[in-house]
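K.L.:
For reference, the structure I am asking about is given below.
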Amino acid sequence: MTSNNPIQFDRRTALKWVLAAAAALQMPESIADEIAKTVAAKGYGKDPDLLKAYTPGQLWPLTLGAAQRRTVATLSDTILPAEGEFPAASKLGVVEFIDEWISAPYPQMSADREQILEGLTSLEEEAQRRFKKPFTDLTARQIASICDDLASVQAKQGFERPTAFFQRFKQLVAAGYYTTPQGMKDIGYVGNVPLAKYEGPPKEVLERIGVKMV
Amino acid sequence: MPLIETKSLQDEYDVIVVGSGAAGGQTAYTLTMDGAKVLMLEAGRNYVAETETPMFQTHDQAPLRGNSTADKEFGFYDATVDGGWQVPDEPYTNASDQKDRQFWWWRARMLGGRTNHWGRISLRNGPYDFKPRSRDGLGFDWPMTYEDLAPYYDKVEMLIGVYGENDGLENTPNSPDGCLMPAPKPRAGEALLQQRARQLGVPVVAMHRAVLTERLDHKRIPKLLHPGNARAQSILAAEMQRRAACFWATECGRGCSIRANYQSPTVHLPPALATGNLDVLTNAMVREVTTNKEGRASGVLFIDRLTGVEHRAKARVIVLAASACETVRILLNSKSKQFPDGLANSSGNVGKYLMDTVGTGVAGQIPLLEGLPPHNDDGAGGSHVYSPWWLYQQQHAGKLDFARGYHIEINAQRPMPSVGYAAGLAQHAQGYGRKFKEEMRRYYGSTISMSGRGEMIPNEDSYCEIDPTKKDKWGIPVLRFHWKWSEHETRQAAHMQQTFANIIEAMGGRVLTKIETDGAKAIRPGGFIIHEVGGALMGADPKSSVTNQWGQTWDVKNLFLTDGAVFPSNADKNPTLTIMAHAWRASDYMLAAMKRSEI
């Protein structure tokens, strides 16, 4: 394929996607085994209406209970808190997106399901172990003390699985947040509007990168 | 798009065209503009870009924020309907269960086929690309030269609208004045890559893509394309005025409701329908070409996908333009006493020498592109620059360990964030909270990727045949694929990996993906790049080839192939423009032969 298929540098996601496609092609079992069991529900099929706006839960049943949703909201807002004009992640549908994602009847998303659900459980256990309180009742400082242990690039001893969970969770929160109009503005995307002319990059941008355009 | 139903089929047509994509669209266009009565059969459903395209939808309106799934492999908003590497009820098989010997077959089941979602990259083959065997002793020569096809490249470029520049580079032909539209300026990331790659001797020039950067010149072009045909000129002039220029927003892969990019249903089919000479029947799955006792093609047998009922249609000339593998499948399934091995297969070579494009990619992060002032670089919805192959001389002198070239497709922009993009950045942005948000802003727009697209040499181990047992939902025997890359391809993939790493380094960046020195680990599976061609090669000798240079099968004079099945080689240049040029040239030949009553 060509330019509408830029390679994704999210290798983990890309790898899972390739593996999933491989499974569909009846690849050897050793590869198929690496793929988590796909959620049993109907997907949107190969000819969905592209003009309709969809909401999570409309196409397949969601998974998270009320307590889990609160945990997801608290952790999402810790990762992407409100700042100036930009609301916190949970205000932009990120909780619903993560629920929709882990509930989706597709191999790639099903592969995330187990890790996310297990991670949420261990987060609760850690809150109880350290502070004898549910995660959502912790103070910001207490939440930070847990997240600091999970957010390091190199997992601390004994924190390998929770750290991997945190990494993946952070990716999903970012995916949910930055795909909204507010998130796009926050990150600095300006576009998706019709223009009469395309002028190329502004002069100040070219100066910054030291390029002279002919 | 006005369509007919099975009950309104005429008793006989001049020509039946199977397929409605780049090849079928061009064939029907050329034939009907010159007065031939044509029936076009499309296996998929009708599709109307003007009303179905999600032009400004943001990802948060889509399920899973628009991410790719097994149902929509290029993302929710990709234009493809009922298609993908797996199509329900339409299986195919691979003979080997080895991972590196699989072929992935992408299909679309919709009017216009894959032209609705393609990358719009429109590169001409160069003179070397028609005579590869004469140059290095490998593969096959085309039974024509660049000069034979050049006038048709000119016509196609003017008809569909292609932006680009003339750079005068080796084996990368210039277009005559008046063919190309102005190319958009490089984006910031593209311009930086251009500056740094040039320091390594890698040229970076304007991409050629089928997107209107200005309105088509409806006064000048129709006269050049249809001299002496006033009706064709006026029809085309009217249709050209119904296409808008690009308004520099939304990805081309979604399709284009303002008809600013090329897709067959918005460019080829409207003028063809306006002639009144074209009937289009959708949901018509062609099973075989029928023949009469003289051994000529008499029509086609197709299945109505909605009812499952078999129908027949008749014509003087039959054209297969169903995409390389589907065309081969129809030929091999057209068995009779007279043609026990399938139609047009006296050479035994139908299905042989299937090719795809060598593909691999590398991504990098460029500190110099961090934290740039926000600006709109949506541009033409695809690359503005690329690198044509630049090592012809070194390769010819034997200094490289692979025989053929590749070009580099460059992705360096500030895109509308997708799930994959945001998740990828989040992998590199540290921490959480405000620090994380700051890093996300800083890294946004600072990642780039390069994709190599290289020439594969046809080989004896890459082919397709009819599976001895498996059938699809309609009882039509399916294809079974055999695949093997040679070292020419895997070494080329390794060369791509190293070159891309060098370019990233020259940009002061860091490579984000693992650089493979073993090309076999880097190369994408066969069929993954969706440039499959070959399977019914044109040639100069009826004993070893399937068609002559006009796609006319040697065995059946009134049967033509106008898609990529006839390609004797698969240059690194994306095949679509060459498919259209061949289809136009073959159609001109058909028209002349019909007028001479030869067919």
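The values are calculated or read from the model by the stated rules, or taken from the named source; none is laboratory data. Predicted model only: the values in this text are computed from it and were never measured. Cβ: placed from backbone, ideal geometry, glycine included. Neighbour counts: every protein chain shown. Side chains included, ligands, DNA and RNA excluded: accessible areas come from the protein's heavy atoms. Shrake-Rupley method; radii C 1.70, N 1.55, O 1.52, S 1.80 Å.
K.L.:
In segment B:424-439, how many are in contact with a Lys or Arg (Cβ under 7 Å, 6 or more places away or on another chain) and more than 7 Å from chain A (Cβ to nearest Cβ)?
P.N.:
0
K.L.:
Kindly list the number of the only condition in (1) buried (at least 22 other Cβ atoms within 10 Å of the Cβ); (2) free of Cβ contacts under 8 Å to residues at least 24 places away in the same chain that fails for B:I410.
P.N.:
Failed condition: (2).
K.L.:
Right, another one. Answer yes or no: is there a residue in segment A:191-200 that is assigned by TED's automatic domain parsing to the domain that holds A:L117 and open to solvent by 60 Å² or more (accessible area, probe 1.4 Å).
P.N.:
no
K.L.:
Here's another thing I want to ask about it. If B:T266 satisfies every condition in (1) open to solvent by less than 10 Å² (accessible area, probe 1.4 Å); (2) more than 30 Å from B:A237 (Cβ to Cβ); (3) not aliphatic (A, V, I, L, M) but one, which is the exception?
P.N.:
Answer for B:T266: the failing condition is (2).
K.L.:
OK, next. Looking only at segment B:110-151, which residues are within 14 Å of chain A (Cβ to nearest Cβ) and open to solvent by 20 Å² or more (accessible area, probe 1.4 Å)?
P.N.:
Residues satisfying the conditions are B:R114, B:W118.
K.L.:
Residue pairs, Cβ under 6 Å, 6 or more apart or interchain, first in segment A:44-61 and closer than 15 Å to B:R45 by Cα and within 7 Å of chain B (Cβ to nearest Cβ), second open to solvent by less than 30 Å² (accessible area, probe 1.4 Å) and among the aliphatic types (A, V, I, L, M). List them.
P.N.:
A:D47/B:V81
K.L.:
Which residue is surrounded by the fewest Cβ atoms within 10 Å (Cβ to Cβ), if the candidates are limited to segment B:16-49 and must be in contact with a Pro (Cβ under 9 Å, 6 or more places away or on another chain) and within 14 Å of chain A (Cβ to nearest Cβ)? Spell out the reasoning first.
P.N.:
So in segment B:16-49, the residues in contact with a Pro (Cβ under 9 Å, 6 or more places away or on another chain) come out as B:20, B:22, B:25, B:29, B:32-33, B:46-49.
Subsequent filtering for residues that are within 14 Å of chain A (Cβ to nearest Cβ) retains B:22, B:46-49.
Values: B:A22: 33, B:N46: 19, B:Y47: 29, B:V48: 14, B:A49: 24.
Per the criteria, the residue is B:V48.
K.L.:
Separate question: Within 30 Å of A:D99 (Cβ to Cβ), within 14 Å of another protein chain (Cβ to nearest Cβ) and within 20 Å of the chain's Cα centre (by Cα): is that true of B:T80 in this structure?
P.N.:
yes
K.L.:
Looking at B:D89, is it open to solvent by 10 Å² or more (accessible area, probe 1.4 Å), more than 10 Å from chain A (Cβ to nearest Cβ) and over 18 Å from B:R109 (Cα atoms)? Lay out the reasoning, then the answer.
P.N.:
On the way: open to solvent by 10 Å² or more (accessible area, probe 1.4 Å): yes; more than 10 Å from chain A (Cβ to nearest Cβ): yes; over 18 Å from B:R109 (Cα atoms): no.
No: the conditions fail for B:D89.
K.L.:
If you scan segment B:60-99, which residues turn out to be in a helix (DSSP H, G or I) and either out of contact with any Gly (no Cβ under 9 Å at 6 or more places or on another chain) or under 27 Å from B:N46 (Cβ atoms) (or both)?
P.N.:
B:Q61, B:P63, B:L64, B:G66, B:K99, listed by residue number.
K.L.:
Right, another one. If the requirement is being open to solvent by 10 Å² or more (accessible area, probe 1.4 Å) and under 16 Å from B:L3 (Cβ atoms), which of these qualifies: B:D304, B:D341?
P.N.:
Of the residues listed, the single one that is open to solvent by 10 Å² or more (accessible area, probe 1.4 Å) and under 16 Å from B:L3 (Cβ atoms) is B:D304.
K.L.:
Return the residues of segment B:218-236 that are in contact with a Lys or Arg (Cβ under 6 Å, 6 or more places away or on another chain) and either among the small types (G, A, S) or open to solvent by 90 Å² or more (accessible area, probe 1.4 Å) (or both); say none if nothing qualifies.
P.N.:
none
K.L.:
So which residues in segment B:538-587 are among the aromatic types (F, W, Y) and more than 23 Å from the chain's Cα centre (by Cα)?
P.N.:
If the condition is that a residue be among the aromatic types (F, W, Y) and more than 23 Å from the chain's Cα centre (by Cα), then B:W554 is the only one that fits.
Matching residues to (1) open to solvent by 10 Å² or more (accessible area, probe 1.4 Å); (2) in contact (Cβ under 8 Å) with a residue 12 or more places away in the chain; (3) of a type outside the set (S, T, N, Q); (4) in contact with a Gly (Cβ under 8 Å, 6 or more places away or on another chain):
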position: B:G551; (1), (2), (3), (4): no, yes, yes, no
position: B:D555; (1), (2), (3), (4): yes, yes, yes, yes
position: B:F560; (1), (2), (3), (4): no, yes, yes, yes
position: B:D563; (1), (2), (3), (4): no, yes, yes, yes
position: B:I579; (1), (2), (3), (4): yes, yes, yes, yes
position: B:S587; (1), (2), (3), (4): no, yes, no, no
position: B:S597; (1), (2), (3), (4): yes, no, no, no
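K.L.:
Quick check on my filter: what residues within segment B:473-489 are assigned to a loop (DSSP other than H, G, I, E, B), touching a helix residue (DSSP H, G or I) at 6+ places or on another chain (Cβ under 8 Å) and either more than 12 Å from chain A (Cβ to nearest Cβ) or closer than 30 Å to A:G188 by Cβ (or both)?
P.N.:
Within segment B:473-489, B:I476, B:K484, B:W485 meet the criteria.
K.L.:
Kindly indicate whether B:D401 is touching a residue at least 12 places away in the same chain (Cβ under 8 Å), more than 10 Å from chain A (Cβ to nearest Cβ) and open to solvent by less than 20 Å² (accessible area, probe 1.4 Å).
P.N.:
Numbers: touching a residue at least 12 places away in the same chain (Cβ under 8 Å): yes; more than 10 Å from chain A (Cβ to nearest Cβ): yes; open to solvent by less than 20 Å² (accessible area, probe 1.4 Å): no.
No: the conditions fail for B:D401.
K.L.:
Does segment B:337-376 hold any residues that are in contact with a helix residue (DSSP H, G or I) (Cβ under 7 Å, 6 or more places away or on another chain) and among the acidic types (D, E), and which are they?
P.N.:
B:E370
Conditions (1) within 13 Å of A:I187 (Cβ to Cβ); (2) more than 12 Å from every other protein chain (Cβ to nearest Cβ); (3) of a type in the set (S, T, Y), marked per residue:
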position	(1), (2), (3)
B:V419	no, no, no
B:A422	yes, no, no
B:R441	yes, no, no
B:M450	no, no, no
B:P458	no, yes, no
B:E465	no, yes, no
B:K471	no, yes, no
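K.L.:
In addition: When you go through (1) farther than 24 Å from B:Y444 by Cβ; (2) assigned to a loop (DSSP other than H, G, I, E, B) one by one for A:L120, which number turns out not to apply?
P.N.:
So the condition that A:L120 fails would be (2).
K.L.:
Then there is this: Which one of these does B:C179 not meet: (1) in contact (Cβ under 8 Å) with a residue 40 or more places away in the chain; (2) open to solvent by less than 30 Å² (accessible area, probe 1.4 Å)?
P.N.:
Result: B:C179 passes all but (1).
K.L.:
Additional query: Can A:P194 be described as within 8 Å of chain B (Cβ to nearest Cβ), at pLDDT 95 or above, within 30 Å of A:A53 (Cβ to Cβ) and not in a helix (DSSP H, G or I)?
P.N.:
The answer is yes for A:P194.
K.L.:
Next question, about the same structure. Out of curiosity, is A:A155 in a loop (DSSP other than H, G, I, E, B) and either modelled with pLDDT under 95 or open to solvent by 50 Å² or more (accessible area, probe 1.4 Å) (or both)?
P.N.:
Here the answer is yes, as A:A155 does meet what is asked.
K.L.:
Looking only at residues in segment B:438-453 that are within 30 Å of B:P575 (Cβ to Cβ) and of a type in the set (S, T, N, Q), which one is farthest from the chain's Cα centre (by Cα)?
P.N.:
B:T447
K.L.:
Do any helices (runs of 4 or more DSSP H) lying entirely in segment A:1-102 carry at least 2 residues that are at pLDDT 95 or above, and which ones are they?
P.N.:
The qualifying helices (runs of 4 or more DSSP H) are A:66-79, A:94-102.
K.L.:
Moving on to the next point. Among the listed residues B:T307, B:T290, identify the single one that is more than 14 Å from every other protein chain (Cβ to nearest Cβ) and part of a loop (DSSP other than H, G, I, E, B).
P.N.:
B:T307
K.L.:
Now for a different question. Please give the helices (runs of 4 or more DSSP H) falling wholly within segment B:212-270 in which 1 or more residues are of a type in the set (A, V, I, L, M) and more than 24 Å from the chain's Cα centre (by Cα). Outline the logic, then answer.
P.N.:
Values: elements: B:221-225, B:230-241, B:264-267.
Because the criterion is at least 1 residues that are of a type in the set (A, V, I, L, M) and more than 24 Å from the chain's Cα centre (by Cα), the helices (runs of 4 or more DSSP H) in segment B:212-270 that meet it are B:221-225, B:230-241.
K.L.:
Could you say which residue among A:R208, A:R161, A:R168 is outside any loop (DSSP other than H, G, I, E, B), open to solvent by 70 Å² or more (accessible area, probe 1.4 Å) and either more than 7 Å from chain B (Cβ to nearest Cβ) or under 30 Å from B:I258 (Cβ atoms) (or both)? Break it down into steps so the answer makes sense when it comes.
P.N.:
Working: A:R208 fails: either more than 7 Å from chain B (Cβ to nearest Cβ) or under 30 Å from B:I258 (Cβ atoms) (or both); A:R168 fails: open to solvent by 70 Å² or more (accessible area, probe 1.4 Å).
Exactly one of A:R208, A:R161, A:R168 is outside any loop (DSSP other than H, G, I, E, B), open to solvent by 70 Å² or more (accessible area, probe 1.4 Å) and either more than 7 Å from chain B (Cβ to nearest Cβ) or under 30 Å from B:I258 (Cβ atoms) (or both), namely A:R161.
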